[in-house]
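Since every read-out is calculated from the coordinates, none of them should be taken as a lab result. The model shown is predicted, which means the values in this text are computed figures rather than measured ones. Positions of Cβ are backbone-derived with ideal geometry, glycine not excepted, and every protein chain shown enters the neighbour counts.
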Amino acid sequence: MTESNETVRMDDVVSLCARRGFIWQSSEIYGGINGFWDYGPLGVELKNNLKALWWQKVVRERDDVEGLDSSIIAHPRTWEASGHVEHFSDPLVDCRACKKRMRADQLDDAGACPARQGTSEHDWTPARNFNLMLKTFVGAQEDAAATAFLRAETCQSIFLDAKRVRESARQKIPFGIAQIGKAFRNEINPRNFTFRSREFEQAEMEFFIHPSEREKWFEHWLAERVEFHRALGFGDDRLRVRPHRPDELAHYANAAADIEFRFPFGWQEIEGVHDRGDWDLRRHGEYSGKELAITDELTKERYVPMVIETSVGVDRTCLALLCNAYAEEKLDDGETRTVLRLPLAVAPVKAAVLPLAKKIGEPAQEIARELRRSFNVFYDEAGNIGRRYRRQDEVGTPFCITYDFDSETDGKVTVRERDSMAQERIPVEGLRAHLQDRLEKAR
Ligand code: GAP
């Protein structure tokens, strides 16, 4: 068997995603809407599994991080205080000839100008700032007073709620607040499938610390987050950390590092770890007039906590998982199989139950029902067994369980493992515990 993942092309991943119901463009029947994506039956399972893993690692396994689910629309002053109204923009240019609109720092992707005679070069206007926040109106009026923003990052409400969370959860510095949710950015050029979208999900954690401990916690969280991505199966050749140069730091950041994944279109950020200092709490304190400083109970020192942030894109990490997992293998019999080698914890379907023939479907359905008590199971009795295996390989199902005519007498089924394709006979009684054990061990 020979395997190739090095040559994964985005086209293959995009086509698999649409064909098998992971991800496709939103509003397809109207021709699609640029920068918006729908996650189908398998996509939503993949995404939910990833979010559950993150929540488990960042919130549940720690006693110093609390969870939050805030509203998407916050008081508009939030975005003035955060600096987004003033600073959250990209440089925009238009081609005077063909009207193409591009981010000024991405002109290499513009292609030739179709509208200029004798030259293929675009005729760009000077760059002007374009604010990336999506606006809406709240209430019956559509005027400036009713303008609100769809959040550009999930973390701002964490700062607004920090005092209430700390007091209600009886936390002390250092502690963190985590949230997963949608964010919106009116990206000038959404591209590379879901990589740069206009609506996407972030999983963010803001860790509030004493000013003397910034370096320590920055290093701690960077190491934790790299470890998380390693556990998703991203090896050294696919994962790297890139500290930001001072001139590329966001308006709120004192220090930052990107965790990057090597996609088929190159190295790109999937997560940012930021030292936000006291920027957010100080500004929200100023703009709201509320006191957000705290007093240390022991030393009586009064200070505004500093913040170390971890911010991962859920969609980008799903895309990284899909690119990392996609492989085409030449089998010994000359056939090629497409296989998604997804880590067991995020695989959308954990097991497929496949009776060898329809007439022994009933006991096989009973097995599926029993397994569904513990995990997501797919049942399929149509078509030849080889094709059914291939269909499951293609969507990353780790185990295929075949119920055959021998099962009727020996009470065993064949469990076929996705990656090695090795098969073993396992008693039906105890099958759920057997699979659960293997899924647990792989965590
Ligand atoms: N609160 C900090 C913050 O939002 P960011 O680097 O702008 O920092 C964090 O975004 C993460 O959100 C990125 O690493 C990326 O994974 C994801 N993200 C940002 N913009 C995105 C977009 N347009 N489409 C998809 N994911 C995006």
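Assuming a ≥ b ≥ c are the square roots of the Cα gyration tensor eigenvalues, decide whether the range 323-443 counts as rounded (a/c under 1.5), prolate (otherwise, with a/b larger than b/c) or oblate.
Working: a/c = 1.84, a/b = 1.26, b/c = 1.46.
Here the range 323-443 falls in the oblate category.
Going down the list Lys216/Lys300; Lys57/Lys172; Lys47/Lys172; Lys57/Lys330; Lys51/Lys300, which pairs span over 30 Å between their C-alpha atoms? Write out the running numbers ahead of the final one.
Working: Lys216/Lys300 23 Å; Lys57/Lys172 20 Å; Lys47/Lys172 32 Å; Lys57/Lys330 37 Å; Lys51/Lys300 39 Å.
Where the Cα-Cα span goes over 30 Å, the pairs concerned are Lys47/Lys172; Lys57/Lys330; Lys51/Lys300.
Which trypsin sites (Lys or Arg not before Pro) in the range 1-82 pass both tests, a DSSP loop state and at most 13 other beta-carbon atoms within 10 Å? Could you put the intermediate results ahead of the total?
Numbers: sites: Arg9, Arg19, Arg20, Lys47, Lys51, Lys57, Arg60, Arg62, Arg77; in loops: Arg9, Arg20, Arg62.
Qualifying residues, ordered by number: Arg9.
Using DSSP loop states and a limit of at most 13 other Cβ atoms within 10 Å to flag GluC sites (Glu not before Pro), what is the longest stretch of the chain containing no flagged site? Don't jump to the answer; show the numbers that get you there.
Working: sites that count: Glu6, Glu61, Glu121, Glu142, Glu291, Glu297, Glu301, Glu335, Glu429.
Within the chain, the longest run free of exposed GluC sites (Glu not before Pro) spans 143-290.
Springs between alpha-carbon atoms under 10 Å, Gaussian network over the chain: tell me which of Arg128, Arg391, Arg198 tops the mean-square fluctuations.
In this elastic network of the chain, the residue with the biggest mean-square fluctuation among Arg128, Arg391, Arg198 is Arg128.
Using a 7 Å offset from the Cα along the Cα-to-Cβ direction at both Asp11 and Val44, what is the distance between the two label points in nm, to one decimal?
Spacing of the two 7 Å Cα→Cβ label points: 3.2 nm.
Most mobile of Asp380, Asp278, Asp332 per a Gaussian network model of the chain (Cα springs, under 10 Å)?
With Cα springs under 10 Å in the chain, the top fluctuation among Asp380, Asp278, Asp332 is at Asp332.
Label-point separation (nm) for Arg438 and Asp333, each offset 7 Å from Cα along Cα-to-Cβ?
Modelled inter-label distance: 2.0 nm.
Run the simple label-point estimate for Arg116 and Asp236 please: 7 Å along Cα→C-beta, distance reported in nm.
4.7
Give the span of the range 323-375's Cα atoms along each principal axis, as three whole-Å numbers ordered largest to smallest.
Result, largest extent first: 35, 29, 12 Å.
Based on DSSP H runs of at least 4 residues, each adding -39500 (n - 2.57), what is the mean residue ellipticity at 222 nm of the chain after dividing by all its residues, to the nearest 500 deg cm²/dmol? Present the calculation step by step, with values, prior to reporting the outcome.
On the way: 12 runs with 124 residues, N = 443.
That comes out to -8500 deg cm²/dmol.
How large is the convex hull of the C-alpha atoms of the range 24-134 per residue, in Å³? Before the final figure, lay out the partial values.
Details: hull volume 21.6 nm³, N = 111.
Each residue corresponds to 195 Å³ of Cα convex hull volume.
Starting from the Cα-Cα distance between Ile426 and Leu249, subtract it from 0.36 nm times their residue separation and give me the gain in nm to one decimal.
Working: separation 177, 0.36 × 177 = 63.72 nm, distance 5.55 nm.
58.2 nm is the gain from fully extending Ile426 to Leu249.
What residue among Gly111, Gly235, Gly277 has the largest mean-square fluctuation in a Gaussian network model of the chain, using Cα springs under 10 Å?
Comparing Gly111, Gly235, Gly277 in a Gaussian network model of the chain, the most mobile one is Gly111.
Set the Förster distance to 35 Å, then compute FRET efficiency between Gln56 and Tyr287 from the Cβ-Cβ distance, nearest 0.05.
On the way: r = 35 Å, r/R0 = 1.00.
It comes to 0.50.
Could you tell me the calculated FRET efficiency between Ala97 and Gln141, based on Cβ-Cβ distance and R0 = 45 angstrom, to the nearest 0.05?
My answer for the efficiency is 0.65.
Excluding same-chain residues fewer than 8 positions from Lys135, which lysines have a Cα within less than 25 Å of its Cα?
Lys99, Lys100, Lys182
What chymotrypsin sites (Phe, Trp or Tyr not before Pro) does the range 316-412 have in DSSP loop regions with at most 13 other beta carbons within 10 Å? Display every interim value, and only then the final one.
Details: sites: Tyr326, Phe375, Phe378, Tyr379, Tyr389, Phe399, Tyr403, Phe405; in loops: Phe375, Phe405.
Those that pass, being in a loop and sparsely packed, are Phe405.
Take the alpha carbon atoms of the range 177-206, find their center, do the same for the range 224-269, and report the distance between the two centers in whole angstrom.
When both Cα centres are located, 16 Å separates them.
Semi-axes, largest first, in whole Å: what does sqrt of 5 times each Cα gyration tensor eigenvalue give for the chain?
Details: eigenvalues 378, 185, 77 Å².
Ellipsoid half-lengths, sorted descending, are 43, 30, 20 Å.
Can you figure out the FRET efficiency of Leu132 with Asp406, using R₀ = 60 Å and their beta-carbon distance, to the nearest 0.05? If you can, show how the numbers build up before the last one.
On the way: r = 61 Å, r/R0 = 1.02.
Here the calculated transfer efficiency is 0.45.
Grab the other residues whose beta carbon is less than 10 angstrom from that of Phe375, score K and R as +1, D and E as -1, and report the net. Show your work: numbers first, answer last.
Values: positive: Lys350, Arg372, Arg373, Arg432; negative: none.
Local charge sum for Phe375: +4.
In debye, nearest 20, what is the charge dipole magnitude of the chain about its Cα centre with +1 on Lys and Arg Cβ and -1 on Asp and Glu Cβ, if you could check? If you can, show how the numbers build up before the last one.
Details: 65 positive and 76 negative charges, 133 e Å.
So the dipole magnitude of the chain works out to roughly 640 debye.
Cα to Cα, under 28 Å, and not fewer than 8 places away if on the same chain: which lysines meet these conditions relative to Lys358?
Of all the lysines, those that pass the test against Lys358 - Cα under 28 Å, at least 8 places apart if same chain - are Lys350, Lys412.
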